[in-house]
Amino acid sequence: MMAAALLIERIIKEQELIIGPLAWREAKKVKGLAVTSSGAIKVAGSGKKVLGDLVGQYEKLFGPASRDVCREAVKALIPQASKNDIPEVLR
Amino acid sequence: MAHENINFDLYARNAELAVRNKTLSLLHKLDEVTLSTLSTREMTERIATTLAKEFDYPFVALGMCDAAQKYFQWLAASCPRDESKLCAQASSWPKLSLTKVRNAATKSIRTHRRLELRTLSELLTPAAPDDLIQLLSADEQLKSILVFPLVAKSECLGLLAIGLNRGVESLTKYEQETFSPMLGLVTVALQKAEIYSSLVEATANLKVVNKRLKELDAVKTEFVSIASHQLRTPLAAIRGYVDLIKDGTYGQITPPQTEVVGKVHDSVEALIELVGQLLNVSRIESGKTNVEITTIDLASVCTEVSNFLGVKASERGLSLSCDDTRLPPVFGDASKVREVMMNLVENALKYTDKGGVKIIYTEEPKFVRIDVVDTGFGLTKASIEKLFQKFSRAEATAADYPGTGLGLYVCKRLVEAMGGEIWAESPGLGKGSSFCFRLPKAAKASKKSKAK
């Protein structure tokens, strides 16, 4: 099973390429998502929900293009993940 | 709302730039790989590994065609899930005949077209081992395969195969944007590796040929040396007896006989000179000539030669003069300098009908220069360039004057062995010529050394 933390990390790093450190600050605002001092991602509760909320957080600020960027970031990993773990917005 | 739209628009443009940055970053990585090695195998392995890692591809393979476009050989394959390491042995998979084998690889090479496949067996059979094909076919992550021909100057150099964990239609923007420059870079890298390996091969062949040529040259030198020695003894006897006949030791000879004997004498002299020169050349080329470098008085050697050949010059109605200025000592071998001077002055007298020959000294900062200047036939520019080569003679005189074409070659080798240089100058045909050489001035504390 593909860990939600890995998908989240890919999305944040891809967003970081576009908007810089702001990508991490915005990610930390998502409920159930924490970033340790060493940069590791911790997910509390439903990974699927956190993933969806993270995409929503970026979309709220930067519009539909940011949703496409999130999709592109995890495209290569999606086939390895269970459908139940992936929010609709990333499929 | 306008503010929000500007924000969205900026984001979209930044996203595009990010894709470009990632593309450039990957190309830079590939470029580093191609610059890090010249070995085709190592380079292809690193390219395959870099691509698989960068894009999370479950399978990447790279192969090349031979120069004659008859065979194709896989050189590297990368498959992160291959725990048996079968992919690492790709370079030992059998070559595929491009005319006999019909699979997706040979088809892409023949048609120069990109192919999209569903199974790896279409691509890897019959090259890869069955175990690997079964292993990869069982991998649920491998959903499709893209096969790219690597084409340069309308010739297919090889193939790049990429296995995807999704359909070709869901390639990311980054992947799509990267394909074209990536293929160009890989193609150039393969070309470079191919050129390098053919250079290595050519150098190795040249070394073998060069070694063989050196052996043959040594055999030839040895043969010339032995043959010349064997010739010299009977020639000396012939010359001796001819001289005795000429002098009347065996009874008076008639005028017609005198003329014939004279011709025999001249021919024997020419043969002895040729044999002597050949021996000189073979000694020089086999490194058997000992040049004893000491401090010598160049002016006294020149005066000696001038005095010796003065009689010959007078007989021909020519003048022969020599500078009488004092010269600083030079490094050289007196006997070799004498040989060089004899050759140059004799040549000058031989090719001069009117006027004469002058020996002129010039003191230079680090050398002493000697010019043997004649008022003879002169030389063309083309002759000057070839004069000091073996068996080379000035075309204007070659037909009318006998000679071996070895004298100046011997002079050049001797002067160079003494640390000097030799050359010829002429304003043109009919305007005389100068044969010049220079030898290094001796340092205040003269040294003795031996050179071969």
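Per the conditions (1) part of a strand (DSSP E or B); (2) exposed (fewer than 11 other Cβ atoms within 10 Å of the Cβ); (3) not basic (K, R), the sole criterion not satisfied by B:N205 is (1).
Filter segment A:47-68 for residues that are within 13 Å of chain B (Cβ to nearest Cβ) and basic (K, R); which is surrounded by the most Cβ atoms within 10 Å (Cβ to Cβ)?
A:R67
Within segment B:292-344, the set of residues being farther than 26 Å from B:V281 by Cα and of a type in the set (A, V, I, L, M) comprises B:A299, B:V311, B:A313, B:L318, B:L320, B:L327. On the given criteria, is B:A104 touching a Ser or Thr at 6+ places or on another chain (Cβ under 6 Å), more than 14 Å from chain A (Cβ to nearest Cβ) and crowded, with 21+ Cβ neighbours inside 10 Å? Judged against the criteria, B:A104 is not a match. In this entry, A:A44 is excluded by the filter for residues that are within 14 Å of another protein chain (Cβ to nearest Cβ), hydrophobic (A, V, I, L, M, F, W, C) and out of contact with any Lys or Arg (no Cβ under 7 Å at 6 or more places or on another chain). For A:A27, are the conditions met, namely being in contact with a helix residue (DSSP H, G or I) (Cβ under 8 Å, 6 or more places away or on another chain), buried (at least 16 other Cβ atoms within 10 Å of the Cβ), assigned to a helix (DSSP H, G or I) and without any contact (Cβ under 8 Å) to a residue 12 or more places away in the chain? Here the answer is no, as A:A27 does not meet what is asked.
Within segment A:74-88, restricting attention to residues that are part of a helix (DSSP H, G or I) and β-branched (V, I, T), the residue that is farthest from the other protein chains (Cβ to nearest Cβ) is A:V74.
Within segment B:33-63, the residues that satisfy the criterion of being outside any helix (DSSP H, G or I), crowded, with 24+ Cβ neighbours inside 10 Å and away from chain A (no Cβ under 14 Å) are B:A61, B:L62, B:G63.
Within this structure, A:G32 passes the test of being surrounded by 15 or more Cβ atoms within 10 Å (Cβ to Cβ), more than 11 Å from chain B (Cβ to nearest Cβ) and in contact with a Ser or Thr (Cβ under 9 Å, 6 or more places away or on another chain). Applying the set (1) under 24 Å from B:Q230 (Cα atoms); (2) in contact with a helix residue (DSSP H, G or I) (Cβ under 6 Å, 6 or more places away or on another chain) to B:E273 leaves exactly one unmet item: (2). Residue count for segment B:170-189, restricted to those that are away from chain A (no Cβ under 11 Å) and within 23 Å of B:P80 (Cβ to Cβ): 7.
Could you tell me whether B:L120 is more than 14 Å from chain A (Cβ to nearest Cβ), out of contact with any Leu (no Cβ under 8 Å at 6 or more places or on another chain) and surrounded by 19 or more Cβ atoms within 10 Å (Cβ to Cβ)? So B:L120 fails the test. On the basis of being within 28 Å of B:Q191 (Cα to Cα) and not in a strand (DSSP E or B), does B:L142 make the cut? When the stated conditions are applied, B:L142 does not pass them.
Tell me, yes or no, whether segment B:85-107 has at least one residue that is within 30 Å of B:T172 (Cα to Cα), outside any helix (DSSP H, G or I) and within 41 Å of the chain's Cα centre (by Cα).
No, segment B:85-107 has no match at all.
The set of residues in segment B:236-282 being of a type in the set (S, T, N, Q) and surrounded by 12 or more Cβ atoms within 10 Å (Cβ to Cβ) consists of B:Q257, B:T258, B:S267, B:Q277, B:N280, B:S282. Return yes when B:K143 is basic (K, R) and more than 14 Å from chain A (Cβ to nearest Cβ) and no when it is not. Judged against the criteria, B:K143 is not a match. Given the criteria loosely packed, with under 12 Cβ neighbours inside 10 Å, part of a helix (DSSP H, G or I) and of a type outside the set (V, I, T), does A:R71 qualify? Criteria not met by A:R71.
Table: residues versus (1) among the basic types (K, R); (2) part of a helix (DSSP H, G or I); (3) farther than 26 Å from B:D374 by Cβ.
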{"position": "B:V260", "(1), (2), (3)": "no, yes, yes"}
{"position": "B:V268", "(1), (2), (3)": "no, yes, yes"}
{"position": "B:L274", "(1), (2), (3)": "no, yes, no"}
{"position": "B:Q277", "(1), (2), (3)": "no, yes, no"}
{"position": "B:I293", "(1), (2), (3)": "no, no, yes"}
{"position": "B:C302", "(1), (2), (3)": "no, yes, no"}
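Report the residue count in segment B:230-268 for those that are polar (S, T, N, Q) and over 27 Å from B:L278 (Cβ atoms). Selection size over segment B:230-268: 5. For segment B:70-87, residues that are in contact with a helix residue (DSSP H, G or I) (Cβ under 8 Å, 6 or more places away or on another chain) and away from chain A (no Cβ under 14 Å) total 12.
Could we say that B:F308 is among the aromatic types (F, W, Y) and in contact with a strand residue (DSSP E or B) (Cβ under 6 Å, 6 or more places away or on another chain) here? No: the conditions fail for B:F308.
Looking at segment B:185-208, which of its residues are touching a strand residue (DSSP E or B) at 6+ places or on another chain (Cβ under 9 Å), under 22 Å from B:L24 (Cα atoms) and not hydrophobic (A, V, I, L, M, F, W, C)?
Selection gives B:T187, B:Q191.
All of the numbers you see were taken from the coordinates with simple rules; none came from a lab. Just so you know, these numbers come straight off a predicted model, no measurement behind them. Glycine also receives a Cβ, built like all others from the backbone with ideal geometry; neighbour counts cover every protein chain displayed.
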